[in-house]
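Novice: I'd like to ask some things about the structure below.
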Amino acid sequence: MAEKISVYVDKELHKLFKTEAVKRGKTLSQFMVDAAVQSLHFPDRASAGTRMDQVREAQENYFSTEEILEIRNESRRY
């Protein structure tokens, strides 16, 4: 059996949600459930940052921030 969740939002936010739901051809309920499920599958900023650090550290050709800025500035000279 399905469970019901009620959330109270101000009128402007409700209007925004409703408009976006209509644009996607969904009911407001479908839109909100889809948005909630989607947010569960995306990492938060801390997790994403940790993963990016792991990928960066695994690279053989790691450039420091200073090196990247120097390369960028050098390429702008020409």
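The values are calculated or read from the model by the stated rules, or taken from the named source; none is laboratory data. In this text, all values refer to a predicted model and were calculated from it rather than measured experimentally. Here Cβ is always computed from backbone atoms with ideal geometry, including for glycine, and neighbour counts include all displayed protein chains.
Novice: Evaluate the following for S64: is it out of contact with any Asp or Glu (no Cβ under 7 Å at 6 or more places or on another chain), of a type in the set (S, T, Y) and within 30 Å of V7 (Cβ to Cβ)? Steps first, please.
Specialist: Numbers: out of contact with any Asp or Glu (no Cβ under 7 Å at 6 or more places or on another chain): yes; of a type in the set (S, T, Y): yes; within 30 Å of V7 (Cβ to Cβ): no.
It is false that S64 is out of contact with any Asp or Glu (no Cβ under 7 Å at 6 or more places or on another chain), of a type in the set (S, T, Y) and within 30 Å of V7 (Cβ to Cβ).
Novice: Just to be sure I understand, how many residues within segment 19-38 are assigned to a helix (DSSP H, G or I) and either over 18 Å from the mean Cα position of the chain (by Cα) or over 18 Å from I5 (Cα atoms) (or both)?
Specialist: Going through segment 19-38, the residues assigned to a helix (DSSP H, G or I) turn out to be 19-23, 28-38.
In the following step, the residues that additionally are either over 18 Å from the mean Cα position of the chain (by Cα) or over 18 Å from I5 (Cα atoms) (or both) were identified as 19-23, 28-30.
Qualifying residue count, segment 19-38: 8.
Novice: Can you tell me how many residues in segment 55-78 are modelled with pLDDT under 80 and surrounded by 10 or more Cβ atoms within 10 Å (Cβ to Cβ)?
Specialist: The number of residues fulfilling the criteria is 2.
Novice: Please go through segment 39-54 and pick out each residue that is surrounded by 10 or more Cβ atoms within 10 Å (Cβ to Cβ) and not in a loop (DSSP other than H, G, I, E, B). Working first, answer last.
Specialist: First, pick out the residues of segment 39-54 that are surrounded by 10 or more Cβ atoms within 10 Å (Cβ to Cβ): 43, 47-53.
Across segment 39-54, the qualifying residues are S47, A48, G49, T50, R51, M52, D53.
Novice: Turning to a different aspect of this structure: Out of K18, K11, which single residue is surrounded by 10 or more Cβ atoms within 10 Å (Cβ to Cβ) and either touching a Cys at 6+ places or on another chain (Cβ under 6 Å) or of a type in the set (D, E, K, R) (or both)? Give the derivation first.
Specialist: Values: K11 fails: surrounded by 10 or more Cβ atoms within 10 Å (Cβ to Cβ).
The unique qualifying residue is K18.
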